[in-house]
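Read-outs throughout are calculated quantities, based only on the coordinates presented, and are distinct from any laboratory measurement. Nothing here was measured: the structure is a model prediction, and the numbers come from that model. Heads up, the Cβs are rebuilt from the backbone with ideal geometry, glycines too, and the neighbour counts pull from every protein chain shown.
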């Protein structure tokens, strides 16, 4: 598989063409949080419905390249309905996957990411080969982390 | 203009130069310094405070010599010929699929072509083109209000230089087909 085919896997193109969980939730009760990539113009807005320690529902709007859009769609599918500690763990695991190239550069081979834990999200690992695209893949995840922090402190 | 990064030239008339105050103090830009003030040096030296970018200056000199050796008129003609060819082929091969942002006639046009590919984000266009060895600039090109005016988030921008050939445009068109078929 070429690097390009590895980057644009069918599952990524599928989520780009048919994004999951598009839309808005009423605020309140949902919490709204926005994320931007000013360098490339990508935008994502998340609506988070947190109840009893569970991310009961998540919706999103925004626009951007296939990597940012598919990553946010895959993320929403992975975290919807999950307990907050599971959501945090998934965020950590995904961020580890995206910083894998740094670990490889430093030859810290003990940094291993459990790909099984990531499920469909593992399709995004091809992004790591293209460092300038990592910020596309992590936009929604950084926005989600920020949103959950805002919910927990409000 | 093929030179190093971080260096440029400000060209003014000598009479205007004398009326322009220095914006930065440092070594080499003074005629005299007193406890109550200073007198800046005459001429361009007043704008060249501190250690100059020596390597960049030598590099810029080499670039200017190279371009003058080719002849700026020859470069403009070459650029123009490639631009006419590329615009013509883009319009005939990609009508309705690729929008050219900017003038379609080549009278007052440089060798830079901004593209909006239907259904494909500019960063994805650039990624596929990169695989074909074609380097374009995706983004808003430091012109966000203009992008908004055209209803775009970004464009993919191809440009020609003295070293470009029509065969390079062949590859650009082939890569655009590949990008469209991948995301279409």
Between the helical axis of A:84-98 and the dominant principal axis of chain A, each derived from Cα atoms, what acute angle in degrees is found, rounded to the nearest 10?
30 degrees
Largest-first ellipsoid semi-axes for the range B:86-132, taking √(5λ) over the Cα gyration tensor eigenvalues, angstrom
20, 12, 10
Inter-label distance, nm, simple model (7 Å from Cα along the C-beta direction), residue B:181/residue A:18:
2.4 nm
Which angle from 0 to 90°, rounded to the nearest 10, does the C-alpha axis of helix A:66-79 make with the longest principal axis of chain A?
60 degrees
Estimated 222 nm signal from helices in chain A, with DSSP H stretches of n ≥ 4 weighted -39500 (n - 2.57), rounded to 500:
-14000 deg cm²/dmol
Calculate for chain B the 222 nm mean residue ellipticity that helices alone would give, adding -39,500 (n - 2.57) per DSSP H run of length 4 or more and normalising by residue count, nearest 500 deg cm²/dmol.
-13500 deg cm²/dmol
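Averaged over peptide A:58-71, how many Cβ atoms belonging to another chain are found within 10 Å of each residue's Cβ? Don't skip to the answer; put the middle values down first.
Working: counts 0, 0, 0, 0, 0, 2, 5, 11, 7, 4, 2, 2, 0, 0.
Per residue, the number of nearby Cβ atoms from other chains is 2 on average.
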So for each of A:62-73, B:155-166, A:80-91, B:44-55 I average, over its residues, the number of other beta carbons within 10 Å; can you give me the resulting order with the highest mean first?
A:62-73, B:155-166, A:80-91, B:44-55
Residue B:174/residue A:146 FRET efficiency (R0 51 Å; Cβ-Cβ; nearest 0.05):
0.75
Going by average Cβ neighbours within 10 Å, how do the peptides B:11-22, B:56-67 rank, with the highest at the top?
B:56-67, B:11-22
How many angstrom lie between the C-alpha centres of the range B:140-184 and the range B:54-119?
12 Å
How do the peptides B:100-108, B:118-126 rank, highest first, by the average count of neighbouring beta carbon atoms within 10 Å per residue?
B:118-126, B:100-108
How compact and how long is the protein assembly as shown, expressed as Rg and Dmax of its alpha-carbon atoms in Å?
25.9, 74
Over the Cα atoms of the range B:73-183, compute the convex hull volume and normalise it per residue, giving Å³.
101 Å³
Per residue, what volume in Å³ does the convex hull of the Cα atoms of the range A:3-153 enclose?
113 Å³
To the nearest 10 degrees, how steep is helix A:134-153 against the longest Cα principal axis of chain A, on a 0 to 90 scale?
30 degrees
Give the calculated FRET efficiency between residue A:92 and residue A:56 to the nearest 0.05, with a Förster radius of 25 Å applied to their Cβ-Cβ distance.
0.75
What number results when the radius of gyration of the range B:1-58, computed over Cα atoms, is divided by 2.2 N^0.38 Å?
1.28
Report, as an integer, the average count of C-beta atoms from other chains found within 10 Å of each Cβ along B:129-140.
2
Subtracting the Cα-Cα distance from 0.36 nm times the residue separation, let me have the gained length for residue B:18 to residue B:33 in nm, one decimal.
3.5 nm
Per residue of B:152-159, other chain Cβ atoms within 10 Å number on average 2
